[in-house]
Amino acid sequence: MTKKIIIIGGGPAGYTAAIYASRAGLNPLLLAGYQPGGQLTTTTLVENYPGYPQGILGPHMMEQFREQALNFGTEIKQSTVTQVDFKKTPYLITTDRLDTFLAQTVIIATGSQPKWLGIPSETRLKGRGVSSCAVCDGFFFKDKDVAVVGGGDSAAEEALYLAKICRKVYLLIRRDAMRASVIMQKRVMSRKNITILWNTETQEILGREVVEAVQVVNNQSKVVNQISIQGFFLAIGHTPNTSLFKETLALDQLGYIQTKPDSTQTNIPGIFAAGDVQDFRYRQAITAAGTGCMAALEAERFLHAEHAA
Ligand code: NDP
């Protein structure tokens, strides 16, 4: 049976689209993917989502989004989409379980994923001290020394989280300034056990079996230094999850799905994109939820117009 709406992705954008679509009686199917809840499941306290004066833990917030979508009748499957055919309608979607689904409209909310430095030692020591998720792995470095690379809000958040668990946190920043919001910079700078190393780039992560040190270079003085650490955390930005769509949808030069101005409409009628997969600028839970809402309303209008035609 052809679904009216299929939503791909189970983060704030996908769940919000599901809440709106199910309340509109469109019985959406949401394919939540391999990381249900999206990136908020790897964050700690979310303090900037309106309605939570004391903040809320990211994973808990996502459970509540999911429950709200289910309460209004969204069908949720934990499958990962492996193939899409947007050449003709109804659109065909195939999952890793080899299920196939047909849809009149599709909302893509597949989000983005963390970037890696691309040095061999990072791959070799991944899971042996190298991590991209402080909340997931910070516990293993209790009372130890760690480094975080990056100067954005993610890096600031990771460093602050680790500073509560670890003995010492080195924040490796490649420029002489942080990209993070002013409030996060202030918090990082006022934390006694965080040491910021400016103009510092990672050359290699050292250690035979597990991380033992990081070799860094000051890109101004060219001085090379080895810092003894047990954990190395990446927080240098994200890549949009768009590889499935690169043959059919218009992407921008960074790989994000292009949508029409003030709209979630992609270059294919009836295919909409919401959240971090189409937003490299804001990338917030609240903006993802906002575009998820837009996508559901636009899909609903599209279905009405098709029906009336
Ligand atoms: P950003 O793109 O904002 O920052 C990436 C950081 O990593 C920059 O400091 C960048 O340096 C650095 N970097 C990139 N590549 C390398 C490299 N190869 N080597 C060393 N350093 C590198 O990404 P974030 O993930 O931090 O944040 C993404 C968005 O999400 C932002 O809009 C942010 O505000 C938001 N966010 C909000 C949070 C909250 O409100 N709770 C929490 C986390 C993120 P450079 O500046 O030199 O380019």
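Each reported figure results from applying straightforward, stated rules to the coordinates on display, with no laboratory input. Keep in mind that what you see is a predicted model, and the values were worked out from it rather than measured. Cβ atoms come from the backbone with ideal geometry, glycine included; neighbour counts cover every protein chain shown.
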Surrounding net charge for Leu40, when Lys and Arg each add one and Asp and Glu each subtract one, Cβ distance under 13 Å: -2
So how strong a dipole does the stretch 136-233 carry about its Cα centre when Lys and Arg Cβ are +1 and Asp and Glu Cβ are -1, to the nearest 20 debye? 400
Here, the stretch 208-309 modelled as identical Cα point scatterers in vacuum has Debye log10 I(q)/I(0) at q = 0.22 Å⁻¹ of -1.11
For Gln220 paired with Ala308, estimate the spin-label separation in nm (one decimal), with each label point 7 Å from Cα along the Cα-to-Cβ line. 6.2
Using 1/(1 + (r/R0)^6) with R0 = 30 angstrom and r between the beta carbons of Leu57 and Asp143, what's the FRET efficiency to the nearest 0.05? 0.80
Could you list Tyr20, Tyr49, Tyr15 in order of exposure, starting from the residue whose Cβ has the fewest other Cβ atoms within 10 Å? Tyr49, Tyr20, Tyr15
Please label the shape of the stretch 240-290 as rounded, prolate or oblate, based on the square roots a ≥ b ≥ c of the eigenvalues of the alpha-carbon gyration tensor (a/c under 1.5 means rounded; beyond that, a/b larger than b/c means prolate, else oblate). oblate
Would you mind getting the Kirkwood hydrodynamic radius of the stretch 78-161 from its Cα pairs, rounded to one decimal in Å? 16.4
Separation between the Arg167 and Thr123 pseudo-spin-labels, each 7 Å from Cα along Cα→Cβ, expressed in nm? 3.3
Quick one, what does Rg over Rh come out to for the chain if you take C-alpha atoms and the Kirkwood Rh? 1.03
Debye intensity ratio I(q)/I(0), log10, the stretch 88-245, q values 0.19 Å⁻¹ (C-alpha model): -1.12
Suppose only helical runs count, i.e. DSSP H with n ≥ 4. What mean residue ellipticity at 222 nm does that imply for the chain under -39500 (n - 2.57) per run, divided by all residues and rounded to the nearest 500 deg cm²/dmol? -8000 deg cm²/dmol
Expressed in nm to one decimal, what extension gain is obtained for the pair Asn193 and Arg97 from 0.36 nm per residue of sequence separation less their Cα-Cα distance? 29.9 nm
Throw me the Rg/Rh for the stretch 1-104, computed over C-alpha atoms with Kirkwood Rh, two decimals. 1.02
With springs only between Cα atoms under 10 Å apart, run a GNM on the chain and tell me which of Met62, Met184, Met294 wobbles the most. Met184
Please report the antiparallel percentage of the DSSP beta bridges confined to the stretch 26-150, to the nearest 5. 70
Label point 7 Å beyond Cα of Asn267 along Cβ direction - residues of the stretch 203-247 with amide nitrogen under 17 Å: 242-247
Karplus ³J(HN,Hα) for the stretch 293-302 (6.51 cos²θ - 1.76 cosθ + 1.60, θ = phi - 60°; Hz, whole; x = Gly/Pro) runs 4, 4, 4, 5, 5, 5, 5, 4, 4, 4
